[in-house]
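Notes for the one structure printed next.
The values are calculated or read from the model by the stated rules, or taken from the named source; none is laboratory data. Everything numeric here is computed off the predicted structure, so don't read it as measured data. Please note: Cβ atoms are built from the backbone with ideal geometry, for glycine as well, and neighbour counts cover all protein chains shown. Remember, those area values only see protein heavy atoms, side chains included, never the ligands or the DNA or RNA. Shrake-Rupley method; radii C 1.70, N 1.55, O 1.52, S 1.80 Å.
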Amino acid sequence: MKIIDFHCDTIYRMMELKMQGKKVPELFKNGFHVDLEKMRQGQVAAQFFALFMDQEELKREGIELFSHFLEMVELFNDEIDKNPTVMKKATGYQDLESNLNDNILSGFLGIEGGEALEGSYENLDRVYQEGVRLITLTWNYENELGYPSKDPMDRDKPLKAFGKETVKRMEEMGIMIDLSHLSDGGFWDVMQLTKTPVIVSHSNCRALKNHHRNLTDQMIRAIGEKGGVIGVNFAPYFLSGNEEVSRIDDLLRHMEHMIRCGGEDVVALGSDFDGITGSLEIKDAGTYQKLIEKMEVRGYHYDRIEKIAFKNAKRVIKEVL
Ligand SMILES: [Zn+2]
């Protein structure tokens, strides 16, 4: 069964080593959760690679966010160039389709944390030109767009003016609007401002695990009504009371709850590989099919499995990009 995954931090891991002056492993084969070899084993057809920048850390080192973003794009592009027969950079639905036909992996680029834009619409145009097709509006820091869900004091705060205008422009340009990490107030602002599907790339259900990174039932319903998707996150601490172990049973509990709230068209995958720690039953991209097998054992209908693994994500890519 083919897989589309909305979030991994592999490029950040590679960039981290580069900045420390250490040897940077290849994207083709490495010790991380995600590499091209594992993607093939796990039947991953498309992966959204998040470009994550820790603004506080970079500020301390005197590095500009946007130039750092460009360096990460370069690192990604270099890896693509090294593996022309294995993965291609994808910027639209047509790319995904033709790569599927050619049995080539699709690598989409995303930005985790709108601070990379440095409050500039020119930079928004520029990231589009560089191939970015998904922006997670905030990470865990306040930025020019809005506030994160992290601090209870910020949770109900709205999107800022730059955030509102950026969201409108993203919708026009065809960049996925990703609400993972965003404040609850910001979430509802985006729902009001947008007509096309929006996504939550790597979050779970707050009703099952009360964590600010997870979504309330009303939020899940609202995403479903807009035709959007939520990528289920594999991190132990977003799944259950056991903060060390990520079990497939817990992933399925969250998926089933999402289906109850938002219908079976709302569930997708957003592993958060290379951004999470703990003992993971799906230990890396190479073992993705264990999830499919467990869904079959549970008696999920083939159509439902296909939607969760692949089709829901593909539908949104087609509609938005
Ligand atoms: Zn994240």
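Need the list of aspartates and glutamates near Lys82 for cross-linking: C-alpha distance under 19 angstrom, and skip anything on the same chain fewer than eight residues off.
Lys82 reaches Glu26, Asp35, Glu37, Glu71, Glu74, Asp95, Asp102, Glu130.
In straight Cα distance, which lysines are under 18 Å from Lys59, not counting same-chain residues fewer than 8 positions off?
Lys18
Relative to the present Cα-Cα distance, how much length would full extension add between Leu58 and Ser279 at 0.36 nm per residue of separation?
Result for the pair: 76.6 nm of gain on full extension.
Kindly work out what percent of the DSSP beta bridges joining two residues of region 3-320 are antiparallel, to the nearest 5.
Among the beta bridges of region 3-320, antiparallel pairing accounts for roughly 5 percent.
How far apart, in nm, are the 7 Å Cα→Cβ label points at Asp78 and Glu256?
Taking the two extended label points, one gets 4.7 nm.
Given axes a ≥ b ≥ c from the Cα gyration tensor, I'd like to know whether region 3-320 is rounded (a/c under 1.5), prolate (a/b larger than b/c) or oblate.
rounded
On full extension of the chain, what length is gained from Tyr302 through Gln41, given 0.36 nm per residue of separation minus the C-alpha to C-alpha distance?
That pair, Tyr302 and Gln41, stretches by 91.9 nm at full extension.
Measure off, as a whole percent, the carbon and sulfur share of the 1.4 Å-probe accessible area of the chain, all protein chains present.
The value for the chain is 46 percent carbon and sulfur by accessible area.
Search the structure for amide H atoms under 5 Å from the amide H of Lys89, placed 1.01 Å from N in the peptide plane, and list their residues when 5 or more places away or on another chain.
Counting only residues 5 or more places away or on other chains, the set is Gly107.
Taking 8 Å as the Cα distance limit and 6 or more residues as the minimum spacing, I'd like the relative contact order of the chain as a percentage.
20 percent
Would you work out the charge dipole size for the chain about its Cα centre, treating the Cβ of every Lys and Arg as +1 and the Cβ of every Asp and Glu as -1, and quote it to the nearest 20 debye?
Value, rounded to 20: 860 debye.
Take the cross-link list Lys29/Lys88; Lys226/Lys311; Lys150/Lys195; Lys38/Lys294 and give me the ones stretching past 21 Å between alpha-carbons.
Over 21 Å Cα-Cα: Lys150/Lys195.
How much length would be gained if the chain were fully extended between Met19 and Arg126, taking 0.36 nm per residue of separation minus their Cα-Cα distance, in nm to one decimal?
Full extension from Met19 to Arg126 adds 36.2 nm.
Name the most mobile residue of Asp184, Asp303, Asp265, meaning the one with the largest mean-square fluctuation, in a Gaussian network model of the chain with Cα contacts below 10 Å.
Fluctuation is largest for Asp303.
Tell me, what is the 1.4 Å probe accessible area of Lys59, in Å² to the nearest 10?
For Lys59, solvent-accessible area is about 130 Å².
Given a 1.4 Å probe, how much area per residue of the chain is accessible, in Å²?
Per residue, the chain has 40 Å² of solvent-accessible surface.
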